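Q: First the structure, which I've put down as structure tokens, then a few questions once you've had a look.
The values are calculated or read from the model by the stated rules, or taken from the named source; none is laboratory data. Values in this document were obtained by computation on a predicted structure and should not be read as measured data. Cβ placement follows ideal geometry from the backbone for every residue including glycine, while neighbour counts extend to all protein chains displayed. Just the protein is used for accessible areas: all its heavy atoms, side chains included, with ligands, DNA and RNA removed. Shrake-Rupley method; radii C 1.70, N 1.55, O 1.52, S 1.80 Å.
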Amino acid sequence: MVFAPHPDDETLGCGGSIAHHTEMGRCVSIVFLTSGEQGVAGTVPQLAGEIREREAEAAAGKLGVPPGNVHFLRFPDGGLDPMDRAQFLRVLGIVRQLRPEVVYLPHAADGAHDHQQAFRLVWRGLEKCASRSYPQAGRRHWVGTVLGYEVWSAIGAPSFLQHIAPAHIEAKRAALSCYSTQVKGEGEADYAGEGGIALARFRGAMSFGGHREAFTVLRLADLPWQAA
């Protein structure tokens, strides 16, 4: 299960890993905490959210994730709040419902405010997921492996590097191309194309070559896949 603060964060942070898992036949779900409705210049939030959700579904398809495994919680863009009881219960409930072995979320120090709030919100849910507390959110469930991905701020000392095969980098590139609303003008951050691949290339260059995605490890059970 991948938690993303906004549509595109899932692809930037761990799109290659998603493509790797789906090719291996594993069930991957993507949960978008917000629909990024504040992120389309000149477009009212309601329409922008609808557009970005369509982009997210198209991007997920490029990574091998079917529409039924894409979930939109529609929390307010810019308003993620780990202390909001309703948001916490929604996150707790969807983890207990889908019962993943592995959860990906932004790493704790990722540069954007929403990303840091997303980390705190999801981590709060994961801390309580196996507790007898909050029975209204479903049967308790323990997530054995939790990995933090990087988008806006590189992880200083990654504790896990996932090799990304050429085919999975192409899937990541194709998924990024679905986010046409995020192609920015001159002088603005532009990561919807090659910019979104650069960090994975750097991670490969600094380790074993090729492309890799870097993660912090918050919990580690037996990995249900070959790290390579």
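Q: Condition first: open to solvent by 20 Å² or more (accessible area, probe 1.4 Å) and either β-branched (Val, Ile, Thr) or at negative phi (or both). Now tell me which residues in region 130-147 satisfy that.
A: If we filter region 130-147 for residues that are open to solvent by 20 Å² or more (accessible area, probe 1.4 Å), which is where we start, we get 130-136, 138-142.
Matches in region 130-147: 130, 131, 132, 133, 135, 136, 139, 140, 141, 142.
Q: Give the residue, chosen from 161, 176, that is under 26 Å from residue 207 (Cα atoms), in a strand (DSSP E or B) and touching a helix residue (DSSP H, G or I) at 6+ places or on another chain (Cβ under 7 Å). Write out each step before concluding.
A: Working: 176 fails: in a strand (DSSP E or B).
When all the criteria are applied, what remains is 161.
Q: Return yes when residue 175 is modelled with pLDDT of 95 or more, in contact with a Lys or Arg (Cβ under 6 Å, 6 or more places away or on another chain) and surrounded by fewer than 17 Cβ atoms within 10 Å (Cβ to Cβ) and no when it is not. Before the answer, list the steps.
A: On the way: modelled with pLDDT of 95 or more: yes; in contact with a Lys or Arg (Cβ under 6 Å, 6 or more places away or on another chain): yes; surrounded by fewer than 17 Cβ atoms within 10 Å (Cβ to Cβ): no.
No: the conditions fail for residue 175.
Q: Would you pick out the residues in region 7-32 that are in a loop (DSSP other than H, G, I, E, B) and open to solvent by 10 Å² or more (accessible area, probe 1.4 Å)? Break it down into steps so the answer makes sense when it comes.
A: Initially, region 7-32 is screened for residues in a loop (DSSP other than H, G, I, E, B), giving 7-8, 24-29.
24, 25, 26, 27, 28, 29 - these are the residues of region 7-32 that are in a loop (DSSP other than H, G, I, E, B) and open to solvent by 10 Å² or more (accessible area, probe 1.4 Å).
Q: Which one of these is open to solvent by less than 30 Å² (accessible area, probe 1.4 Å) and among the acidic types (Asp, Glu): 170, 127, 150? Don't jump to the end; show me each part of the working.
A: Working: 170 fails: open to solvent by less than 30 Å² (accessible area, probe 1.4 Å); 127 fails: open to solvent by less than 30 Å² (accessible area, probe 1.4 Å).
Exactly one residue qualifies, and that residue is 150.
Q: Another question about this same structure. In region 191-226, what count of residues is obtained for those that are in a loop (DSSP other than H, G, I, E, B) and among the aromatic types (Phe, Trp, Tyr)? If you could, list the steps in order and put the result at the bottom.
A: Restricting attention to region 191-226, the residues satisfying the condition of being in a loop (DSSP other than H, G, I, E, B) are 191-194, 206-210, 220-226.
Okay, now just the ones that are also among the aromatic types (Phe, Trp, Tyr), so 191, 208, 225.
Residues that pass the stated criteria total 3.
Q: Among the candidates 74, 90, single out the residue that is over 11 Å from residue 1 (Cβ atoms), of a type in the set (D, E, K, R), part of a helix (DSSP H, G or I) and open to solvent by 30 Å² or more (accessible area, probe 1.4 Å). So that I can check it myself, show each step before the final result.
A: Values: 74 fails: part of a helix (DSSP H, G or I).
Just one listed residue meets the conditions, 90.
Q: Hey, another quick one. Residue pairs, Cβ under 9 Å, 6 or more apart or interchain, first in region 186-201 and modelled with pLDDT under 80, second of a type in the set (Asp, Glu). List them.
A: 191/8; 192/8
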